[in-house]
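Quick notes on the structure that follows.
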Amino acid sequence: EIHIKEPIEKEVNPHLLPGELLLCEASTVYKYMQEDGSNRGTYGKLVCTNFKISFLDDDSASDDNEPQFKNKIVGENDITLQCVDQIYGVYDEKKKLLTGQLRKYPEKLIIYCKDLRVFNFCLRYTKEEEVKRIVSGIVHHSQTPKLLKRLFLFSYASAAPNNTDGRNQTVMFETLEDWRDELERTKGNVKYKAVTTNEGYRVSEKLPLYFVVPLCISEESILKYEGRGIPIWCWSCHNGAALLKMSTFPKEQDDSTSQMQKAFLDGIYKTISKPPYELLKLDDLSSSLPSLQDIQTAYTRFKQLFLIDSSTDFWATDVKWFSLLESTNWLEIIRRVLKKAIEVAECLEIQHTNVLLIEESATDLCCVISSLVQVMMDSYSRTKSGFQSLIQKEWVIGGHGFLDRCNHLHKSEKEEAPVFLLLLNCVWQLVQQYPPAFEFTETYLTVLSDSLYVPIFSTFFFNSQHQRDTNKSGESLKTQSGPFRFLTVWDWAVQFDPKAQAFLNNPLYAEKPKPDKSQRKTARFKHQRQLSLPLTQAKPSTKRGFFREETDHLIKNILGKRIGKFINSSDEPPNSLREFYDSWHSKPVDYLGLLLPRIDGPDIKVWAQRYLRWIPEAQLHGGGTIATAAKILDLMEEVQSLQVKMDEEHSQAVSGDLHSVPMLRNSARLSSLFPFALLQRQSVKPALPTSTWKDLEDEDDLVKRDDEFVDLSGDML
């Protein structure tokens, strides 16, 4: 049975951004709603522009049903071309991957997105000519290789009025002063200096214009091998120990060249390492961490668990959920990366030893480890502006190849690897373990991960500062000439209004307490931490359950269940590291000091908000961290309104410019899908084995007899 919503009578036109052009469209397209496995859905128009694929129905025309957390650039039914992962066509009930030229056009289109949304469009009622145009248009513009200048980033920059400076207290690290200020902030200017050797990119196009090296490194050394073999400063610890990174020489070299390079490196190490005053530890990340290929393979397997076509698929995989999750190896990679960051922190904090991270380009795993160490050791990096400055310093200016690693141009899948996503997953582990230590929320991290695929910001669309600078010059429609003025992703006002931005800020952030109240504050925040994580018991649960016991529909419990078999713990940390780890965890947490993540098997969890937000079957009704956040925001709003009343009474002056916090009075109606998706109808979990359930799918009365089901879950658990 197909539940058909009447086709639209009024014309609905897409909302186009400056520089956005409509390329092709198809009317009478039927979009399935996959929440309950039925064929329910809505008719509308499917359009493709040079920026996005968009589905427009009659709801698109009205503002009545707007979500509170609305993105002003990308709507609920919009997919940016960079966000498209894979496109499948359905021919006679068989799925086929669509790439390049098509001989035959499908009756159904399935679009899998990099933010893990899945769109199902039925083209059976669409005119044949329109089907050809829209399918070939979508496949061509989202899947075929393109030139950098063809990215929407350039169309938008040339057409959009640039009336924002976009800095938002974020240090961009584009000037020498920014680097000198950072050296001063970390007290690193005693042993390190910011250099201008690469001005005009005369050393290397891969290095930033300005960077920091040890005082003893000469300009000749930097120039000798295009910056390779030179320790570049990342951050200095309070005790003077520093974190450094270095790119290695190519492995295939003739003997004489190798000997010269080895002698050069020995000389560099001697200038830095001066025992017993200055110690240096070398850490080759290519041998101690998984390769980029391993990371890509693990993530590819992992994301498949969340790209759910229908409710039937969800329940079919549910029975073997944990074994599927374990086999991806993604959580194990996160654990290994966090463990490596703890090792580095122990060297800096306890052994007072400089750590030099070594990698072929020093722009992938070096960025992950150096960023994590700073988040763990420097409370400034746990503020919103501090974290954004950190991403600028280590990733954007540091030369991480976002264009290649995200495969934005579809040039080469060999270069693709979710390195930045790996960092965000690791930071999320810390955010959910120690909420009061961070000024930002998990929603902030989720939105940041989505922004990787929004090509109106330059932040994540270049491989290096040199590439960005050389492509900045161009004809602007407004000024007729002059450089492009790209937006930065850190200007959140471009995507969200102030009410939506409130979800990015943590109301329970433990700011620096006043000296006389420090003891009381510490105790209070420790209590809040325990309240915010009710499932993290000290001992593993004796039940080995597949599902959350307290939910009626046996929701997957990947948030708090202790599953010891997740992790292969054959590589136990060395004794000194284990002592450091255990000693730190035995003391009360100082949210403004050093933070060490818990990394034993069950402590590494799936980032539920990012990966489950589009799956109605996985929602917790009135639950999840968002329910807590909603209550806290309610209280903040109440306190603010009382403060305004008090101010009015005392000064008889009305304060009209106070930022209000979103009204979320009815938090019981929210679910854990909020704020990204609204409360959705819960599908019925089959009490019978999945294979039997599939055989009985046609028995309509079975679905209706929900209350009469015999729940076998108790025997399973």
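The values are calculated or read from the model by the stated rules, or taken from the named source; none is laboratory data. Only a predicted model underlies this, so the values are computations on that prediction, with no experimental measurement involved. A quick note on method: Cβ atoms are made from the backbone with ideal geometry, for glycine too, and the neighbour counts reach across all protein chains shown. The area values use the complete protein model at the heavy-atom level, side chains included, leaving out ligands, DNA and RNA. Shrake-Rupley method; radii C 1.70, N 1.55, O 1.52, S 1.80 Å.
Please give the FRET efficiency for residue 635 paired with residue 512, using the beta carbon to beta carbon distance and R0 = 25 Å, rounded to the nearest 0.05.
With a Förster radius of 25 Å, E is 0.70.
Could I have the simple spin-label model distance between residue 277 and residue 180, label points 7 Å from Cα toward Cβ, reported in nm to one decimal?
Result for the modelled spin labels: 2.6 nm.
Run the dipole for region 368-462 about the Cα centre, Lys and Arg Cβ at +1, Asp and Glu Cβ at -1, nothing else charged, and hand back the magnitude in debye, nearest 20. Intermediate values should be presented prior to the final figure.
Details: 6 positive and 9 negative charges, 25 e Å.
Using Cβ point charges on Lys, Arg, Asp and Glu, region 368-462 gives about 120 debye.
For region 22-144, what is the convex hull volume of the alpha-carbon atoms per residue, in Å³?
Convex hull of Cα atoms, per residue: 116 Å³.
Against the 2.2 N^0.38 Å scaling, with N counting residues, where does region 343-430 land? I'd like the Cα-based Rg ratio to two decimal places. Let's see the in-between values first.
Values: Rg = 14.0 Å, N = 88, 2.2 N^0.38 = 12.1 Å.
Normalised by 2.2 N^0.38 Å, the Cα Rg of region 343-430 equals 1.16.
Placing +1 on the Cβ of each Lys and Arg and -1 on the Cβ of each Asp and Glu in region 219-352, which of 248, 331, 292 has its Cα farthest towards the positive end of the resulting dipole?
So the residue furthest toward the plus end is 331.
For region 212-248, list residues with backbone N below 18 Å from a point placed 7 Å from the Cα of residue 576 toward its Cβ?
In region 212-248, the label zone of residue 576 (backbone N under 18 Å from the point 7 Å along Cα→Cβ) covers 237, 239-244.
So how far apart, in nm, are the two label points at residue 13 and residue 287 if each is 7 Å from Cα heading toward Cβ?
Once both label points are built, they end up 6.4 nm from each other.
Report P(r) for region 81-230: all Cα-Cα distances, bin width 5 Å, range 0 to the bin holding the largest distance, values in whole percent.
2, 7, 12, 11, 10, 8, 8, 9, 9, 8, 7, 5, 3, 1, 0
Can you give the extra length, in nm with one decimal, that the chain gains between residue 301 and residue 326 once fully stretched, where that is 0.36 nm per residue apart less the Cα-Cα distance?
Numbers: separation 25, 0.36 × 25 = 9.00 nm, distance 1.04 nm.
Going from the current span to full extension adds 8.0 nm.
What length, rounded to one decimal in nm, is gained on full extension from residue 252 through to residue 586, with 0.36 nm per residue of separation minus their alpha-carbon distance?
Fully extending the segment from residue 252 to residue 586 adds 115.4 nm.
Could you give the size of the charge dipole of region 22-144 about its Cα centre, using +1 on the Cβ of each K and R and -1 on the Cβ of each D and E, expressed in debye and rounded to the nearest 20?
For this selection, approximately 680 debye.
Mind giving me the nanometre distance, one decimal, between the label points for residue 58 and residue 224, set 7 Å out from Cα along Cα→Cβ?
Each label point lies 7 Å from its Cα, and together they span 7.5 nm.
Of 177, 20, 278, 128, which has the most accessible area with a 1.4 Å probe, and how do the rest follow in descending order?
Putting 177, 20, 278, 128 in descending order of accessible area: 128, 177, 278, 20.
Quick one: net charge around residue 215, please, counting Lys, Arg +1 and Asp, Glu -1 for every other residue with C-beta under 12 Å from its C-beta. Don't skip to the answer; put the middle values down first.
Values: positive: 191, 193; negative: 278.
So the surrounding residues net to +1.
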